[in-house]
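> Structure incoming, see below.
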Amino acid sequence: MTDRGERFDPRTYEPGWRERWAADDLYRADDADPRAKHYLLTMYPYPSGDLHIGHWYAATGPDIVARMRRMQGRNVMFPMGFDSFGLPAENAAIDRGVHPAEWTASNIDRMRAQFRTMGCMFDWSREVVTSDPEYYRWTQWLFVQFFKAGLAYRAMAPVDWCPKDQVVLAREQVEGADRHCWRCGTPVVKRDLEQWFFRTTRYADELLDFTQIDWPEPIRLMQTNWIGRSEGAEIDFAVEADGVAPIRVFTTRPDTVFGATFMVLAPEHPSVATLTAPDRAEEVSAYTAAARRETEIERMSAEREKAGVFIGAFAVNPMTDERIPIWIADYVLPGYGTGAIMGVPAHDERDYAFAVRYDLPIRYVVLPRGGEAPVGKALVAHTDDEVLVASGDFSGMTAADGIAAITEELAERGQGAASVTYKIRDWLISRQRYWGAPIPIVYCPEHGPQPVPEDNLPVLLPHDVDFAPTGVSPLQSNEEFLAASCPVCAGPARRETDTMDTFVDSSWYFLRYCAPKEDGFAWDPAAVAHWMPVDLYTGGAEHAVLHLMYARFFVKALRDMGLLAFDEPFLALRNQGQILGADHHRMSKSRGNVVNPDDLTSRFGSDTVRCFLMFIGPWDQGGPWNPSSIEGVHRFLGRVWAVAQPDSGGHPRQIPGMPLESGVWPPGSSAPPADQELATLEGGMRALRQATHRTIQDVSEDYAGFHFNTALSKLMELTNALGAARDEGLALTDAYTEALETLLLLLAPMAPHITEELWSRLGGAYSIHQQAWPAFDPGLAAAEMIELPVQVDGKLRDRLVVAPDTAPEEIERLALASERVQAYLKGRAPRKVVQIPGRLVNVVTPGDSPG
RNA sequence: GCCGGGGUGGCGGAAUCGGCAGACGCGCCGGACUCAAAAUCCGGUGAGCGCAAGCUCGUGUGGGUUCGACUCCCACCUCCGGCACCA
C-alpha cells in the first residue's frame, strides 16, 4: 500500500480526512446513545471576522480531552456556536455602512470554515447563533420569566456610562484603577439613569458556595472577592433633633463602638437634606455639588486626602451617650452598607486620616493585652491577644467576644442587629444599542411596563434604523418598531428600545446546545436533563466575574423558577493561558505581532499547528509565540510518519517464531540464553513494551490533567524508542506493532489527521477516532531492573542496578560495598543509612564532629 | 495598599505528598550523506577546574529545618494578573 519512504506531506491527506469526517457525521452526539454522557464545552467566540491563533489554542486543549473521553467509551457532546450579538457589528455598520446582520453573517461563514480546518470534533449539527431570532426569541422569553419572578426590575440609579460607546455598562464591565470601559478602554462617567437590572444580589450567598464544583482556585477567589461578603452589625445612632429617625450605620467592628467619636454620611445620603443646620447649608451644598461633578476616578482614589464638611448636626453614641458630630465626606460611598458610618479613628485608617485633618478625638478601645496605644496611626488588625478597654462592662473581653456581646446588647435595646453586606451590585442589563436582543417590554400610560405576551415573541429587531450613536437606542429612530399596544388594555403603548447585554445571551447558550432545533420551548427538558450540567468547561479567565458568574446566577434563578433541576451549570472549569506575540506583548493589529493560523496551516498542516500550540508550555499558562520551535514539532510528526513505515528505513529482519508473549528475557538471570542475538532482540522487545505501557499511563493522565506539553514530550520519547527499535531490527515484531499502534492511538487526540492516515495505511479500521483507548498493563510497565542512586551525605556518588523487590538489607550491603562509598567512609562505620524504597540510598558518614 | 500566580541552562519548559535538577523540544557545536547546499540521520551541549578518573558550584536574594531542599519555614527582591476609600 505504501511506497517505500513516501514523503511526509500533510497537505496531501489532511483536507480529505476532514471532508470524510464531516460527510460521515463522525462527531455527532446522539441523545439516545446508551453510553455515559460527557458534555464538554469551550466558550463560543464572538464572530469578529477571522480566527485568531488564540482560538486555536483555546479549542485544541478541550478537543484533545473530548477525543480521549470518546475513545474511552463516553458519549461526548462537544458543540460550537457564535456569540453573535454585540457592539463591533454595530461599529462596523457605522464605520463601513454594512448592516450588522450582514457583517455578522459573513464573519460567521468565514470563521466556520476556518474552524473546520482545525480538525476539532465539534458537533456542528448543534450550532447556536445568538443573533438568530430563533435563539433570541428565547432570550426574551427568559427575560419575561425573570420579570415575572421579580428578578428583573427597572430602577433609577447612578450607573457607569461609556462616553465613547454611548452606552451604560454593568459594574463588572468597568475595569482597572482608571475605571475604564472593558471594550474600548475609555474612562467611564457616572450618570443617574433609569435602567433594567437583574437581581444578582439575591444569590450572593449561594454564589459564594463552590462546594459542588471543581473550579480553579484563582477564579473562585475572584468571584468571592467580587461578591465581597462582610459580616458585622447595623447600629442605630439617635439624632439630636426632634422627630428625626435615627441614622443606621454598618460596621464590621461593632467591638469598637465605644471609640466612635463622629459620624460620616455619604454626600448622597437622604438625611443630609433634613439634618443640615441652616448656617452650614451653603458649605454642604457646595461640597455635595463638587462631589457629584468629580469623576469616579478622582472620587475612588485612595491616595486622595480625606475631606468633608460638618453639617451642623449631632448624633448620640448608643454606648457612651456622647454627642458626636455628623459630617459628610465622599469617602463614604452611597451604594455600600447604609451609606453611613460611625467614625472610629483609632481603629480605621480612613477615619484616622479624617480625624487628624479635622482635629476630631481619637480614642483607642481595643489594645493588645497590657499594651500601649500606638502613636500616629490607627490600630487596625485585631488578634486574639487584643482586648477591649474603656468599653464599660465589655472591657477585658477579646475583640471577637466583644463583637458578639456588643451586637447582642444593641439588639436587646432595639438599637442594632447583626448584619451582612455585599460589594456585588445587581447586574445592569439594558444597553442603548441596536445589535442585541430587544427587551420585550411595552410601556402603557395606564398600566406601566408590561412584558410582551409570550405568544408575541420574538420582538424582532427591525432592519432599518439609524445607527449613529446618540446616547439613546437606535431603535427609537424606527416609528414602526416603537408603536405597540398594551397587553392589558390593548391601548396604545410604546415599546422598550434598549437591548440586552450580550452576557444575557451567553448565560444560557449551553442549555440550547442540548436541543438547538427545539421550537416550542427555550430548550428540550429531556435533552437538558440528559446532558446538563456541563461536565467540563474551558475558556479564558477574563470572564471570572462576568460570564462565569452570570451563568451561575442564571442557572440558580431558573432552578428556583422550577425550570431546571440542578444548581451549577459547569461542574469543572479549566482556564487556558494567553498566546502572546513573539515580542511578549498581547497580539494586536496595531503592534503587527499577530500570528495568522491560516498561513501556518498552509505551510505545516493543522496537526503541526495543534501539536506546536500544545507544546509551547502548560496550557493554563500560555506564553509568547516562538516561531522557531514549530519546525521541531513538524520534524516530530515526520518521525512518526517514518516509524509507521518500518520497511522504509533501518535494517528490518524477520524473527521467525517469536510471539509477543515469549519476548521476555530477564537480564538478571545468570544463565545467558543460548542464542545471544535472539536474547538481545528479546531484551529490546521487552524494553519497548515497557516504554509502550508507561506511555499509555503517562499520556492518559497528562491529557486528563490538561498537561499537553508533557504528554507530547512522552509521545516523542516513544517515537524515538520506536526509531531505535527499528534500527535494532525489531521492526517486524509484535512488540513493534503494539508500540506503533499505541503511539497512533495516543497521538490521535492531538494530531487527528496524521494518525487517521497512518492508521488507515496500516490496515486499521476506520476511524482511529472510534477505536478504544489503549489499556495500560501495570505488569508490563514495571521495570524488571531498577537503577538506584547511591548518595553519600546527600550527594550522588554511585548507582546500583537491582531487581525492584531486592530486600533493604541487601541494598544496604551493596551500597556499603561500593568502592566509591568506601572511599568516602574511609573505613569508618556509617552513622546511618537512609533508604527510600525504589528511590535512593543515602549513606551518612560519621562526619568530623558528631551531631 | 489588599488578594492571587510566577522567577530553573543561550531559549520554551520538565521534575514540587522533600529523594538522581535540567525530561522533551529549540538553538548551537561536531560528524555522516552530498560536487555543494537543503532536507534527513548520528554524537555532544548548565558553569568552572582537570589529560583523565573525577571534583566544586548551580533552581530570584538572605537565613533556617533536614541524612537530604527547586520543593517545607521565616524575611526580602522582582515580574504578571485581579481588586482597589467596600467601613
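> Is it the case that the stretch A:460-473 has a residue that's closer than 17 Å to A:Tyr136 by Cα, exposed (fewer than 13 other Cβ atoms within 10 Å of the Cβ) and at pLDDT 95 or above?
Yes, the stretch A:460-473 has at least one match.
> Could you list all residues from the stretch A:561-597 that are within 30 Å of A:Trp523 (Cβ to Cβ) and at pLDDT below 80? So that I can check it myself, show each step before the final result.
From the stretch A:561-597, those within 30 Å of A:Trp523 (Cβ to Cβ) are A:561-576; that's our starting set.
Within the stretch A:561-597, none qualify.
> Out of (1) in a loop (DSSP other than H, G, I, E, B); (2) of a type outside the set (Val, Ile, Thr); (3) surrounded by 14 or more Cβ atoms within 10 Å (Cβ to Cβ); (4) in contact with a Lys or Arg (Cβ under 9 Å, 6 or more places away or on another chain), what's the single condition that is false for A:Cys184?
It fails just one condition, (3).
> Another question, then. Determine, yes or no, whether A:Leu511 is aliphatic (A, V, I, L, M), within 30 Å of A:Gly97 (Cβ to Cβ) and without any contact (Cβ under 8 Å) to a residue 60 or more places away in the chain.
no
> Here's something else I'd like to know. Go through the residues of the stretch A:780-792 one by one and say whether even a single one is of a type in the set (Gly, Ala, Ser) and within 15 Å of RNA strand B (Cβ to nearest atom).
To start, the set of residues in the stretch A:780-792 that are of a type in the set (Gly, Ala, Ser) comprises A:781-783.
Still in the list and also within 15 Å of RNA strand B (Cβ to nearest atom): A:782-783.
Yes; the residues of the stretch A:780-792 include at least one that is of a type in the set (Gly, Ala, Ser) and within 15 Å of RNA strand B (Cβ to nearest atom).
> Here's another thing I want to ask about it. Take the conditions in contact with a helix residue (DSSP H, G or I) (Cβ under 6 Å, 6 or more places away or on another chain) and of a type in the set (Asp, Glu) and apply them to A:Glu102. Does it pass?
no
> Of A:Ala23, A:Ala59, A:Ala32, A:Ala93, which residue is hydrophobic (A, V, I, L, M, F, W, C) and in contact with a Phe, Trp or Tyr (Cβ under 6 Å, 6 or more places away or on another chain)?
Result of the check over A:Ala23, A:Ala59, A:Ala32, A:Ala93: A:Ala93.
> When you go through A:Arg363, A:Arg323 one by one, which is the residue that is within 16 Å of RNA strand B (Cβ to nearest atom), of a type in the set (Lys, Arg) and either within 21 Å of A:Asp236 (Cβ to Cβ) or in contact with a Cys (Cβ under 9 Å, 6 or more places away or on another chain) (or both)?
Answer to the selection: A:Arg363.
> Looking at A:Ile328, A:Ile341 in this structure, which one is within 11 Å of RNA strand B (Cβ to nearest atom) and in a strand (DSSP E or B)? Talk me through it step by step, then tell me what you get.
On the way: A:Ile328 fails: within 11 Å of RNA strand B (Cβ to nearest atom).
The unique qualifying residue is A:Ile341.
> Additional query: Tell me, yes or no, whether the stretch A:102-114 has at least one residue that is modelled with pLDDT of 95 or more, assigned to a loop (DSSP other than H, G, I, E, B) and closer than 30 Å to A:Cys514 by Cα.
No, that holds for no residue.
> Look through A:Val264, A:Val244 and report the one residue that is among the β-branched types (Val, Ile, Thr) and in a loop (DSSP other than H, G, I, E, B).
Of the residues listed, the single one that is among the β-branched types (Val, Ile, Thr) and in a loop (DSSP other than H, G, I, E, B) is A:Val244.
> Which is surrounded by fewer than 22 Cβ atoms within 10 Å (Cβ to Cβ), outside any loop (DSSP other than H, G, I, E, B) and at pLDDT 80 or above, of A:Leu613, A:Leu600?
Exactly one residue qualifies, and that residue is A:Leu600.
> From the list A:Asp583, A:Asp620, A:Asp607, pick out the single residue that is within 16 Å of RNA strand B (Cβ to nearest atom), out of contact with any helix residue (DSSP H, G or I) (no Cβ under 9 Å at 6 or more places or on another chain) and in contact (Cβ under 8 Å) with a residue 24 or more places away in the chain. Full working, then the answer.
Numbers: A:Asp620 fails: out of contact with any helix residue (DSSP H, G or I) (no Cβ under 9 Å at 6 or more places or on another chain); A:Asp607 fails: out of contact with any helix residue (DSSP H, G or I) (no Cβ under 9 Å at 6 or more places or on another chain).
After applying the criteria, what remains is A:Asp583.
> What are the residues in the stretch A:417-427 that are in a strand (DSSP E or B) and either on the phi > 0 side of the Ramachandran plot or within 22 Å of the chain's Cα centre (by Cα) (or both), if any?
Within the stretch A:417-427, just A:Trp427 meets the criteria.
> If A:Met750 meets every condition in (1) within 16 Å of RNA strand B (Cβ to nearest atom); (2) within 19 Å of A:Met614 (Cα to Cα); (3) part of a helix (DSSP H, G or I) apart from one, which number is that one?
Unmet for A:Met750, out of (1) within 16 Å of RNA strand B (Cβ to nearest atom); (2) within 19 Å of A:Met614 (Cα to Cα); (3) part of a helix (DSSP H, G or I): (3).
> Find the residue count for the stretch A:405-424, including only residues that are surrounded by 18 or more Cβ atoms within 10 Å (Cβ to Cβ) and either within 16 Å of RNA strand B (Cβ to nearest atom) or among the aromatic types (Phe, Trp, Tyr) (or both).
Matching residues across the stretch A:405-424 total 7.
> Still on this structure, I have one more. Residues to consider are A:Glu234, A:Glu206; find the one that is within 38 Å of the chain's Cα centre (by Cα) and either without any contact (Cβ under 8 Å) to a residue 40 or more places away in the chain or part of a strand (DSSP E or B) (or both).
A:Glu234
> Do we find that A:Glu682 is acidic (Asp, Glu), modelled with pLDDT under 90 and crowded, with 16+ Cβ neighbours inside 10 Å in this structure?
yes
> Only one of these conditions is not met by A:Trp161: (1) hydrophobic (A, V, I, L, M, F, W, C); (2) touching a strand residue (DSSP E or B) at 6+ places or on another chain (Cβ under 7 Å); (3) in a helix (DSSP H, G or I). Which number is it?
(3)
> In addition: Would a scan of the stretch A:755-777 turn up a residue that is surrounded by 13 or more Cβ atoms within 10 Å (Cβ to Cβ), touching a residue at least 24 places away in the same chain (Cβ under 8 Å) and farther than 30 Å from A:Asp24 by Cα?
Within the stretch A:755-777, one or more residues are surrounded by 13 or more Cβ atoms within 10 Å (Cβ to Cβ), touching a residue at least 24 places away in the same chain (Cβ under 8 Å) and farther than 30 Å from A:Asp24 by Cα.
> I would also like to ask the following. For the stretch A:185-209, which residues satisfy the criterion of being hydrophobic (A, V, I, L, M, F, W, C), modelled with pLDDT of 95 or more and within 16 Å of RNA strand B (Cβ to nearest atom)?
Answer for the stretch A:185-209, where residues must be hydrophobic (A, V, I, L, M, F, W, C), modelled with pLDDT of 95 or more and within 16 Å of RNA strand B (Cβ to nearest atom): A:Ala204, A:Leu207, A:Leu208.
For every residue, the table says whether it meets (1) within 10 Å of RNA strand B (Cβ to nearest atom); (2) touching a strand residue (DSSP E or B) at 6+ places or on another chain (Cβ under 8 Å).
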site: A:Ser230; (1), (2): yes, yes
site: A:Ala233; (1), (2): yes, yes
site: A:Asp236; (1), (2): no, yes
site: A:Val239; (1), (2): no, yes
site: A:Gly243; (1), (2): no, no
site: A:Thr251; (1), (2): yes, yes
site: A:Phe258; (1), (2): no, yes
site: A:Pro267; (1), (2): no, yes
site: A:Val272; (1), (2): no, yes
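> Could you tell me whether the stretch A:720-737 includes any residue that is over 21 Å from A:Gly838 (Cβ atoms) and under 37 Å from the mean Cα position of the chain (by Cα)?
Checked against the condition, which is being over 21 Å from A:Gly838 (Cβ atoms) and under 37 Å from the mean Cα position of the chain (by Cα), the stretch A:720-737 yields at least one hit.
> Scanning for something at pLDDT 95 or above and either within 24 Å of A:Thr201 (Cβ to Cβ) or part of a loop (DSSP other than H, G, I, E, B) (or both), does the stretch A:525-533 turn up at least one residue?
So the first thing to find is which residues in the stretch A:525-533 are at pLDDT 95 or above, and the list is A:525-533.
Then keep just the ones that are either within 24 Å of A:Thr201 (Cβ to Cβ) or part of a loop (DSSP other than H, G, I, E, B) (or both); that gives A:532-533.
The answer is yes; a qualifying residue exists.
> Additional query: Take the stretch A:691-717 and flag every residue that is more than 10 Å from RNA strand B (Cβ to nearest atom) and of a type in the set (A, V, I, L, M, F, W, C).
A:Ala691, A:Ile696, A:Val699, A:Ala704, A:Phe706
> As an exercise: evaluate A:Gly562 against (1) on the phi > 0 side of the Ramachandran plot; (2) in a strand (DSSP E or B) and give the number of the one condition it does not meet.
Only one criterion in (1) on the phi > 0 side of the Ramachandran plot; (2) in a strand (DSSP E or B) is unmet by A:Gly562, namely (2).
The values are calculated or read from the model by the stated rules, or taken from the named source; none is laboratory data. Just so you know, these numbers come straight off a predicted model, no measurement behind them. Counting neighbours? That spans all protein chains shown, and the Cβs are built from the backbone with ideal geometry, glycine included.
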